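Read the structure below first, then the notes.
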Amino acid sequence: MALDGIVTRAIVHELEACRGARISKIYQPSDHDILFHLRTRDGNTKLLLSANPTYPRVHYTDRTFVNPQEAPMFCMLMRKHCEGGIIEEISQVGMERIIHLTVRQRDELGDVSTKKIILELMGRHSNIILTDLATGSILDGIHHVTPSISSYRIVMPGFAYTEPPQQHKLDPLTAERKDFVVKSSAIEEPISWIVDTFSGLSPLVAQEMVHRSGTDVTYELDASEEAAYQRSTALWDAFESVMEPVRKHEYAPVTGANAKGKMVFSAIDLTLLQKDIKRYDTVSACMEDYYGEKAERDTVKQKVSDLLRFLQNERTKNIKKLDHLHADLAEADDADQYRIYGELLFASLHTLQKGDKTAVLVNFYDEEQKEVTIPLDPLLSPSDNAQRYFKKYNKYKNSLIVIKEQLEKTQEEIRYMDELLQQLSYASMSDIDEIREELIQQGYLRDRSKKVKKKKKNDRPALHVFTSSEGIEIYVGKNNLQNEYLTNKLAGSNDTWLHTKDIPGSHVVIRSTEFGDSTLEEAAQLAAYYSQAKESSSVPVDYTLIRHVHKPNGAKPGFVIYDHQKTLVITPDQERIKGLASTLK
């Protein structure tokens, strides 16, 4: 994994600025994450503590998080013991991915108590554990570890805290040249040897050391003693070139793609990077950019898997229905032919007999008076055959109206499913709940929740609000509930509305009557980015005033029609979107 002992050491050094900071607010936006709002000497900031099994991390953050309406139990406990407290100490356990935060707080009786928050950033075993410093007992952990999960240690309230099992590796900060060269001279695979020998060094850092040494990733065991010594000396020099800045807390955070095209990051300079190299002033900025929305997207994927499956099945079902309807339509289009067959048969009844299988008659409706061969049922009389064709004609004539209605309805269903699938592709955790609620209201899903939800009078969705380079607010609806509220209730008649042309996407509104071309282009960027054409170039985006946007009676949520529009052609630029200040309102 990318987060190793060196990154942990770098972030702990960066968090030294938190000493003396007051924890003003504590939130738990997800099952794995805790968010501290801090008041430091340099101003207010936010600190993210994440025990995400795939993306465990700790860093300052500028991101906006949507918090649940009811705080989870662990969050309530953290608030009780740490909110209003002062961070007194921050430390790393050796070179391990374990961080201790000591928090001093005065309780409601005025008594001072000290708690220790232990952050274990170890992949699927990651945890955030709150302990009492005086007794060493666990108050609770964000993830419980029961005896059935681990026989080595238990993470449950009331149990004594036990550190994760020791790996008994060497400390890379104190490694000496003589020991290193002697031990490494006989190794076959230097990358594995470095990882297995020294604590806190990831395969990525070991790979960087080998890359700097200029030697192969595997050594020949039968090489000469001189050659082996030279290689191990080169490896030591590379090892020192990495570790010396780490000892001095001189970090160079960087992200980029390795030789296999995989994006990686580190707190040290990586000479092995091939492309997309970006450097950062702080480790927090590096981690924020690297992880971006990865963790949330993974959590969202898990939560929407059932919705995705349902919507994709509904879409497939409607696509098949559309094919059948087109086949029925093609057959119904022959209705006039059946009427002509009936009239020709009636006009020629005297020439036909029961038992005939066909009738070859002159088509007096044809300009050239060509003959036409009409299939007959030999078991029916000529008159009954004519009546059969008239019945077919009336049947298909009436069904044409129904088929066309069904076609429109089915196409509307497919468009609606496409819209929801697109919204799920960039939905946040709160957006998912709103989309699920919409499907329940529309009758697609059953409400399986046992709780009776009381809707508040002023209950309204939280909207993503961007600020343009001209300082003007641009609102973005990321699901149909938000789109409906934004377009039909919040926006003024002279606000400007934007949407991708004939492509599922978000409603975007510029909340101002006066703005420049840069604001309009940035709003169009947002409309293109939050649409099905996110990865495309030259995306057409329509814009018009809100007063020209209307929702037809009985239309699906989020569906509108509009006129008086103009069109911009935009290529979505993710970096430009990221550069816009944003918040939730």
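Filtering Glu419, Glu368 for residues that are touching a helix residue (DSSP H, G or I) at 6+ places or on another chain (Cβ under 8 Å), at pLDDT below 90 and charged (D, E, K, R) leaves a single hit, Glu419. Selection within the stretch 1-34: residues that are open to solvent by less than 30 Å² (accessible area, probe 1.4 Å) and part of a loop (DSSP other than H, G, I, E, B). The member of this set that is modelled with the lowest pLDDT is Ala2.
Annotation: Leu204 fulfils all but one of (1) without any contact (Cβ under 8 Å) to a residue 60 or more places away in the chain; (2) open to solvent by 10 Å² or more (accessible area, probe 1.4 Å); (3) touching a strand residue (DSSP E or B) at 6+ places or on another chain (Cβ under 9 Å); the unmet one is (1). Considering the conditions (1) in contact with a strand residue (DSSP E or B) (Cβ under 9 Å, 6 or more places away or on another chain); (2) assigned to a loop (DSSP other than H, G, I, E, B), His249 is excluded by exactly one of them, (1). Taking the criterion of being among the polar types (S, T, N, Q) and touching a Gly at 6+ places or on another chain (Cβ under 9 Å), the residues of the stretch 411-442 that qualify are Gln422, Gln423. Residues that are of a type in the set (Val, Ile, Thr), touching a helix residue (DSSP H, G or I) at 6+ places or on another chain (Cβ under 8 Å) and surrounded by fewer than 18 Cβ atoms within 10 Å (Cβ to Cβ) do occur in the stretch 263-275.
Beta carbons closer than 6 Å, at least 6 apart along the sequence or on distinct chains, pair a first residue in the stretch 469-481 that is in contact (Cβ under 8 Å) with a residue 40 or more places away in the chain and closer than 10 Å to Phe515 by Cβ with a second that is outside any loop (DSSP other than H, G, I, E, B) and aromatic (Phe, Trp, Tyr) for Ile474/Phe466. The C-beta contact set for the stretch 85-108 (first residue hydroxyl-bearing (Ser, Thr, Tyr), second residue outside any strand (DSSP E or B), distance under 9 angstrom, 6+ apart or interchain) comprises Ser91/Val12; Thr102/Leu133. On the basis of being touching a Ser or Thr at 6+ places or on another chain (Cβ under 6 Å) and under 23 Å from Leu47 (Cβ atoms), does Met122 make the cut? No.
One line per residue, one yes/no per condition, for (1) of a type outside the set (A, V, I, L, M, F, W, C); (2) more than 17 Å from Val103 (Cβ to Cβ); (3) touching a residue at least 12 places away in the same chain (Cβ under 8 Å):
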{"position": "Leu119", "(1), (2), (3)": "no, no, yes"}
{"position": "His125", "(1), (2), (3)": "yes, yes, yes"}
{"position": "Arg153", "(1), (2), (3)": "yes, yes, no"}
{"position": "Pro157", "(1), (2), (3)": "yes, yes, yes"}
{"position": "Pro165", "(1), (2), (3)": "yes, yes, yes"}
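Restricting Leu400, Leu325, Leu329, Leu345 to those that are open to solvent by less than 90 Å² (accessible area, probe 1.4 Å), within 30 Å of Leu445 (Cβ to Cβ) and assigned to a helix (DSSP H, G or I) reduces the list to Leu325.
Residue count for the stretch 352-379 under the criterion of being open to solvent by 80 Å² or more (accessible area, probe 1.4 Å) and out of contact with any strand residue (DSSP E or B) (no Cβ under 8 Å at 6 or more places or on another chain): the result is 7. Counting only strands (runs of 3 or more DSSP E) wholly contained in the stretch 83-188, the ones carrying 1 or more residues that are more than 25 Å from Ala10 (Cβ to Cβ) and modelled with pLDDT of 90 or more occupy 98-106, 112-120, 127-132, 138-141. Residues in the stretch 403-418 that are in contact (Cβ under 8 Å) with a residue 60 or more places away in the chain and open to solvent by 20 Å² or more (accessible area, probe 1.4 Å): Lys404, Gln406, Gln411, Glu412, Glu413, Arg415, Asp418.
Output the number of residues of the stretch 38-82 satisfying the condition of being part of a strand (DSSP E or B), over 24 Å from the mean Cα position of the chain (by Cα) and without any contact (Cβ under 8 Å) to a residue 40 or more places away in the chain.
Within the stretch 38-82, the first condition is being part of a strand (DSSP E or B), and the residues that meet it are 38-40, 43-50, 57-61.
Filter once more, keeping what is over 24 Å from the mean Cα position of the chain (by Cα): 38-40, 43-45.
Now narrow it down to the ones that are without any contact (Cβ under 8 Å) to a residue 40 or more places away in the chain: 39-40, 43-45.
Total meeting the criteria: 5.
Screening Ile86 with (1) in contact with a Lys or Arg (Cβ under 6 Å, 6 or more places away or on another chain); (2) closer than 28 Å to Met429 by Cβ gives one miss only, at (2). Of the residues screened, His37 is one that is open to solvent by 40 Å² or more (accessible area, probe 1.4 Å) and at pLDDT 95 or above. One residue alone among Asn258, Asn313, Asn318 is over 24 Å from Pro172 (Cβ atoms), open to solvent by less than 80 Å² (accessible area, probe 1.4 Å) and polar (S, T, N, Q), and that residue is Asn318.
Yes/no per residue for (1) at pLDDT 95 or above; (2) within 16 Å of Asn483 (Cα to Cα); (3) touching a Cys at 6+ places or on another chain (Cβ under 8 Å); (4) buried (at least 23 other Cβ atoms within 10 Å of the Cβ):
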| position | (1), (2), (3), (4) |
| --- | --- |
| Ile503 | no, yes, no, no |
| Ser506 | no, yes, no, yes |
| Glu514 | no, no, no, no |
| Asp517 | no, no, no, no |
| Lys534 | no, no, no, no |
| Leu545 | yes, yes, no, no |
| Lys551 | no, yes, no, no |
| Lys556 | no, yes, no, no |
| Ile561 | no, yes, no, no |
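None of Leu520, Leu526 is under 20 Å from Leu420 (Cα atoms) and in a helix (DSSP H, G or I) except Leu526.
Restrict the check to the stretch 351-371 and report whether at least one residue is part of a helix (DSSP H, G or I), more than 30 Å from Leu445 (Cβ to Cβ) and touching a residue at least 24 places away in the same chain (Cβ under 8 Å). Taking every residue of the stretch 351-371 in turn, none turns out to be part of a helix (DSSP H, G or I), more than 30 Å from Leu445 (Cβ to Cβ) and touching a residue at least 24 places away in the same chain (Cβ under 8 Å).
Take the residues in the stretch 481-498 that are of a type outside the set (A, V, I, L, M) and buried (at least 24 other Cβ atoms within 10 Å of the Cβ), then tell me which one is farthest from Arg436 (Cα to Cα). This residue is Trp497. For Lys46, the conditions (1) open to solvent by 10 Å² or more (accessible area, probe 1.4 Å); (2) touching a helix residue (DSSP H, G or I) at 6+ places or on another chain (Cβ under 9 Å) all hold with the exception of (2).
The values are calculated or read from the model by the stated rules, or taken from the named source; none is laboratory data. Given the structure is predicted, the values throughout are model-derived calculations rather than measurements. Here the Cβ is made from the backbone with ideal geometry for all residues, glycine too, and neighbour counts use every protein chain on show. When the accessible area is computed, the model is the full protein with side chains, heavy atoms only, and any ligands, DNA or RNA have been set aside. Shrake-Rupley method; radii C 1.70, N 1.55, O 1.52, S 1.80 Å.
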